Amino acid sequence: SWSYKIMALTLIATAGASDAKTYAPLDESNAYHESQVYGTNWVEEVDDEIKAQALVWATRLLDEKLSWVGQISDEGQALSWPRRYVVDKEGRLVADDIVPQFAKDATSEFARLLVAADRTAENDTAGFKWLKIGTLGMGLDKNDRRPVMPPSVFSIVKFYATLATGQPIILERM
């Protein structure tokens with residue numbers, strides 16, 4: 001028989017840190033959700049350890065699923081933000097030594113949605129087009145799946161990123 005204790009996750013949200021794990025500190029994420037209509041369950045019902053795990057997961061998925069504009073500020077930083085050469089939608093330069101508010105908000109929103117449902121889980125009906133049991137039949141729509149990147153999250157970052165295509169970047173020496 002195995003017994004083990006899961007250690008509490010240390011939530012590091014320091015901009016540019018080599019050991020950063022999330023864009024949104026727990027207190028800022030709670031504040032974000034307090035201003036949202038559907039944020040009460042996050043603030044009142046979700047345990048802080050689950051929140052921390054969800055914030056780390058949301059950050060990882062944002063960095064995996066998005067191609068951010070600009071360039072990372074420091075080669076030693078663990079996450080994709082802070083970044084250089086980023087201009088906001090009003091034409092102002094985003095500071096290259098911070099995690100901007102839109103990245104914190106997107107992380108918080110995504111984390112809440114990940115607690116509600118695992119958007120990365122394999123589809124239970126993958127491979128089926130039609131299911132029939134006796135006289136009951138049901139057609140399955142492959143397009144009715146939730147995308148991993150929720151539209152509400154992408155709308156927060158759409159001026160600063162595109163959905164990653166998974167295509168490699170080819171560098172050519174000139």
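Some observations on this one:
- Unmet requirement for ASP63, which otherwise passes all of (1) outside any strand (DSSP E or B); (2) at pLDDT below 95: (2)
- Scanning the range 89-105 for residues that are closer than 21 Å to MET149 by Cβ, charged (D, E, K, R) and loosely packed, with under 15 Cβ neighbours inside 10 Å yields one hit, LYS89.
- Among the criteria (1) out of contact with any Asp or Glu (no Cβ under 6 Å at 6 or more places or on another chain); (2) closer than 24 Å to THR120 by Cα; (3) surrounded by fewer than 18 Cβ atoms within 10 Å (Cβ to Cβ), the one VAL43 does not fulfil is (1).
- Within the set TRP68, TRP57, the sole residue that is open to solvent by 30 Å² or more (accessible area, probe 1.4 Å), under 14 Å from the mean Cα position of the chain (by Cα), on the phi < 0 side of the Ramachandran plot and of a type outside the set (D, E, K, R) turns out to be TRP57.
- Single unsatisfied condition, ASP74 versus (1) open to solvent by less than 40 Å² (accessible area, probe 1.4 Å); (2) over 20 Å from MET149 (Cα atoms); (3) in contact (Cβ under 8 Å) with a residue 24 or more places away in the chain: (1)
- Sole exception among (1) open to solvent by less than 80 Å² (accessible area, probe 1.4 Å); (2) out of contact with any strand residue (DSSP E or B) (no Cβ under 7 Å at 6 or more places or on another chain); (3) of a type outside the set (S, T, N, Q) for GLU34, by number: (1)
- Filter result for ARG84 (open to solvent by 50 Å² or more (accessible area, probe 1.4 Å), basic (Lys, Arg) and out of contact with any strand residue (DSSP E or B) (no Cβ under 8 Å at 6 or more places or on another chain)): no
- Screening TRP57, TRP81 for residues that are part of a loop (DSSP other than H, G, I, E, B), modelled with pLDDT of 90 or more, in contact with a helix residue (DSSP H, G or I) (Cβ under 7 Å, 6 or more places away or on another chain) and not aliphatic (A, V, I, L, M) leaves exactly one candidate, TRP81.
- Cβ pairs under 7 Å, 6+ apart, first in the range 29-58 and free of Cβ contacts under 8 Å to residues at least 24 places away in the same chain and over 24 Å from SER80 (Cβ atoms), second part of a helix (DSSP H, G or I) and open to solvent by less than 60 Å² (accessible area, probe 1.4 Å): GLU34/VAL43; VAL43/ASN30; VAL43/HIS33; ASP48/LEU26
Conditions tested, residue by residue: (1) modelled with pLDDT under 85; (2) closer than 29 Å to GLY39 by Cβ.
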residue	(1), (2)
GLU122	yes, yes
THR125	yes, no
LYS132	yes, no
LEU136	yes, no
PRO151	no, yes
ILE156	no, yes
ALA161	no, yes
GLY166	yes, no
GLU172	yes, no
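The values are calculated or read from the model by the stated rules, or taken from the named source; none is laboratory data. Predicted model only: the values in this text are computed from it and were never measured. When we count neighbours, we look across all protein chains shown, and the Cβ atoms used for this are built from the backbone with ideal geometry, even at glycine. Note: areas computed on protein heavy atoms with side chains; ligands, DNA, RNA excluded. Shrake-Rupley method; radii C 1.70, N 1.55, O 1.52, S 1.80 Å.
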